[in-house]
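For reference, the structure is listed below as structure tokens.
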């Protein structure tokens, strides 16, 4: 509806600018009844044809030209003259013919029909009018001579519009080709990274699991504390191997991103904390709200944040107690991980500084907020807040 109003407004304005000037100038030419009757009938037909000009450009031109000839011949037969501005609607429709009629056959047919009608009108004018003052002559020829220019202007406008449309299509094709090329380059880079990870990380992780399982097989020769550590190491290695396989599948083919195993969520926090304790850490968990109602992507992000924070605590503050607080309620998940002062010296150069970057990227992707930094007691605190739209009950 909003798109139609501008078109109707333009049509109304064109009708006024095309048919009002002949009405205003007619009193200065001839005020007789036959003149006004011919002009009124001609303009009534012209208004209807002008409103249909886009749908039927050739027909509208022929109809208005025939109505114009009838008005001129009829008024001349009654001894009346029309304003020269009656040719203005014909110029508008000729412009419209060049702008909207894409068929050369219809255009040529309309022009030939106009020529035939013109000759017929000239013959009728000679037959019905004896006075030379009311017979068509140089004045009619002078009014019709510029008409081909109106058609040429309409044709030029249509050609320019076609060129612009073709340029826009070429630009759209170029953008699509650029996007496709970038997608293919990204896929090639994904495949390369997946190959590197498989050759380096997967190989080393497999060796780690093999050695851990070998130690488990000789568990009778190990002290109790070592058997517990080896069990935790083997379990962590198997879990990491499964997650790495899922990651490699996703890198090679993003469309095949369905994991081979269930995506971890807040329900697996207990097992995650048990693995931290098995590695010699001390951790306390506090939960609140209804974490099970949290959407899957938010649960995964919360799990990964707790996982990364525990890894950082083991690296940089070994032996330090860790407090984990998870609260999911009112459309918001809050995860807080605080570790105390290190009980012994951390591993020099541990980590590459990407843990916090990864956590922030996960939180930002969900529109949340991450705050991380040292505490006044010599520890470290990570606080992540992620919102979601709660489901209607």
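Any read-out appearing in this document is the output of simple, stated calculations on the displayed coordinates, not a laboratory observation. Every value quoted in this text rests on a predicted model; they were computed, and no experiment measured them. Methodologically, a virtual Cβ is constructed for each residue, glycine included, from the backbone with ideal geometry; neighbour enumeration extends over all protein chains shown.
Rank these for me by crowding, 87, 61, going from fewest to most other beta carbons within 10 Å.
With the sparsest Cβ surroundings first, the list reads 87, 61.
How many nm is it between the label spots at residue 44 and residue 364, if each spot is 7 Å from the Cα in line with the beta carbon?
7.2
Work out, step by step, the length gained on full extension between residue 315 and residue 117: first 0.36 nm times the residue separation, then minus their alpha carbon distance; give nm to one decimal.
61.6 nm
Could you calculate the contour length gain from residue 104 to residue 221, that is, 0.36 nm times the residue separation minus the distance between their Cα atoms, to one decimal place in nm?
Separation in residues times 0.36 nm, less the Cα-Cα distance, equals 32.4 nm.
Return the ratio Rg/(2.2 N^0.38 Å) for the range 265-387, where Rg is computed over Cα atoms only.
For the range 265-387, the normalised Cα radius of gyration comes out at 1.00.
Computed from the mean reciprocal separation of all distinct C-alpha pairs, what Kirkwood hydrodynamic radius does the range 4-145 have, in Å?
One decimal place: 15.6 Å for the Kirkwood radius.
Just to verify a number: FRET efficiency for residue 182 and residue 385, C-beta to C-beta distance, R0 = 56 Å, to 0.05?
Plugging the Cβ-Cβ distance into 1/(1 + (r/R0)^6) gives 0.95.
Give, in nm to one decimal, the length gained when the segment between residue 128 and residue 211 is fully stretched (0.36 nm per residue of separation minus the Cα-Cα distance).
Difference between extended and current length: 18.2 nm.
So how compact is the range 264-305: Cα radius of gyration and Dmax in angstrom?
Computed over the Cα atoms of the range 264-305, radius of gyration and Dmax are 11.0, 32 Å.
Can you figure out the FRET efficiency of residue 173 with residue 54, using R₀ = 30 Å and their beta-carbon distance, to the nearest 0.05?
0.55
Sort the following peptides by mean Cβ neighbour count (other Cβ atoms within 10 Å, averaged over residues), highest first: 188-197, 41-50.
41-50, 188-197
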